[in-house]
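Remarks on the structure that follows.
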Amino acid sequence: MDHRDANTVPGPGGLRLRRWREEDLPALLEAYEDPAMRRWLATQVSGADGAADWLEAQRAGWATGTRFAFAVTDGGRDGVPLGNIVLKRPDPGDDRAEVGYWTTAAARGRGVASRALTALTDWSFTEFAEQGLTRLELFHQVDNGASCRVAEKCGYALARVIPALPPDYPLDGHVHAREAPSAAVSRPVGRRAEAAGTGGGRASRR
């Protein structure tokens, strides 16, 4: 199956994931004006050129099969973006990949992040099963308690703590992980779900 042909992914409670498009750019810029987005996300977007560059990066990810970003929408609201959720596979041959997300200020408190993460998780394990994907990981800064709760609510248990790497990562980070339902190998995990978003891993571009 060519994953680049994916159009929409249904989610719980009427949520839908679809590709980002040109007409979403004003909503994208508005979302990034939120102080919580500026606090938690490693990559920032500002101005028309910045928004266009961000959209082009998402398109390039789909074209290369290394990054699959979806606008999170509510079918009852004309497809207005409520957030972003992404699967990152910089090495398509690896058995693991990273997920990340953010939600707009207006969407928080409605379970959007957890529903979107549930939809993306199911889609990822189904679509990439034949390529050997068996593990998804979610990164966030240690003081982002809301993202920690979203991860655990969606079955992503705390797997490890990674040390701070100033100045870009001034605090330790949590790595949450979820195994594919059919995964034959069980990896040990530790224990320690609405959030603005996740800061991503060391090499992430949100």
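General observations
- The H on the amide N of Arg67, modeled in the peptide plane, is under 5 Å from the matching H of Trp62, Arg89, each at least 5 residues off or on a different chain.
- Remark: region 6-15, residue by residue, has Karplus-estimated 3J(HN,Hα) of 4, 10, 10, 10, x, x, x, x, x, 5 Hz, where x stands for each Gly or Pro and the curve is 6.51 cos²θ - 1.76 cosθ + 1.60 at θ = phi - 60°.
- Between amide H atoms placed 1.01 Å from N, distances below 5 Å from Arg19 occur with Ala71, all of them 5 or more places distant or on a separate chain.
- For the chain, share of DSSP beta bridges that run antiparallel, in % to the nearest 5: 90
- Of the three principal axes defined by the Cα atoms of region 1-59, the extents in descending order read 36, 27, 21 Å.
- Considering only alpha-carbon pairs that sit under 8 angstrom and 6 or more positions apart, the relative contact order computed for region 88-144 is 51 percent.
- Correct choice for Cα Rg over 2.2 N^0.38 Å that was computed from the model, options (1) 1.05; (2) 1.10; (3) 0.95: (3)
- In order through region 165-178: 3J(HN,Hα) via Karplus (6.51 cos²θ - 1.76 cosθ + 1.60), integer Hz, x for Gly, Pro: 9, x, x, 5, 10, x, 10, 4, x, 9, 10, 9, 9, 9
- Sequentially through region 123-133, phi angles give Karplus couplings (6.51, -1.76, 1.60; θ = phi - 60°) of 4, 4, 5, 6, 5, 10, 4, 5, 8, x, 6 Hz, Gly and Pro residues having no value and appearing as x.
Read the figures in this text as sums done on the coordinates, not as results from a lab. It should be emphasised that the depicted structure is a prediction, and the values quoted were computed from it without experimental measurement.
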